Amino acid sequence: MACQIKENEIKEKVIEICGEFKNDPNDLIAILHKAQNHFGFLPKEVQAAIAEILNISSAKVYGVVTFYSYFTMEPRGKHPISICMGTACYVKGAEKVLKEFESKLEIKNGQTTRDGKFSMNTLRCIGACGLAPVIMIGEKVYGGVKQEDVSKIIKEYE
């Protein structure tokens, strides 16, 4: 997917963000967080600008972006859905919840709905094992989610 952001806008904003962290490559993760919050995702153009300004390789930036599940190189939906697939959640039915979201939203894991309202991804652990199975929509956590809860949860955001 081509980046819809103008190159000069990317450069100006990345200079500003990196400057807030004194262009310190040790703050790469914080810089990536701030850049993703601004742009909504981290396309290759943003990654390249960050690498250039921090004087590090694009491969290093790309490695960090692809390692951490928080970062995305594709635009996310207005309401990003994260489904925990950690051991406790998986054992308590997270896979069935995932399949129900896929069915109701007509997207697969890692995709965004055509209208841009929802995107969905799985995570290894949200850190709320006592509430398993757990999903997050944006910053809101839902615990004890069952297949039959999915339609009601989606309706909260429509």
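The values are calculated or read from the model by the stated rules, or taken from the named source; none is laboratory data. What you see is a predicted model, and the numbers here were worked out from it, not measured in a lab. Methodologically, a virtual Cβ is constructed for each residue, glycine included, from the backbone with ideal geometry; neighbour enumeration extends over all protein chains shown.
In table form, for the structure just shown:
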quantity: Only listed residue being under 13 Å from the mean Cα position of the chain (by Cα), surrounded by 15 or more Cβ atoms within 10 Å (Cβ to Cβ), at pLDDT 95 or above and in a helix (DSSP H, G or I), chosen from 32, 28; calculated: 32
quantity: Residue match in region 44-55 (condition: of a type outside the set (Lys, Arg) and on the phi > 0 side of the Ramachandran plot); calculated: yes
quantity: Near pairs, Cβ below 7 angstrom, 6+ apart or cross-chain, from region 125-147 (in contact (Cβ under 8 Å) with a residue 40 or more places away in the chain) to any residue that is among the basic types (Lys, Arg); calculated: 132/92; 133/92; 147/96
quantity: Only one of 40, 63 that is under 20 Å from the mean Cα position of the chain (by Cα) and without any contact (Cβ under 8 Å) to a residue 12 or more places away in the chain; calculated: 63
quantity: Residues of region 98-131 that turn out to be in a loop (DSSP other than H, G, I, E, B) and under 17 Å from residue 142 (Cα atoms), as a count; calculated: 5
quantity: Selected residue (criterion: surrounded by the most Cβ atoms within 10 Å (Cβ to Cβ)) from residues of region 102-130 that are closer than 23 Å to residue 68 by Cα and of a type in the set (A, V, I, L, M, F, W, C); calculated: 120
quantity: Qualifying residue in region 134-153 (condition: over 14 Å from the mean Cα position of the chain (by Cα) and within 27 Å of residue 14 (Cα to Cα)); calculated: no
quantity: Among (1) exposed (fewer than 14 other Cβ atoms within 10 Å of the Cβ); (2) assigned to a helix (DSSP H, G or I); (3) modelled with pLDDT of 95 or more - the single one residue 37 does not satisfy; calculated: (3)
quantity: Residues (of a type in the set (Gly, Ala, Ser) and in contact with a Pro (Cβ under 6 Å, 6 or more places away or on another chain)) located in region 94-125; calculated: 94, 119
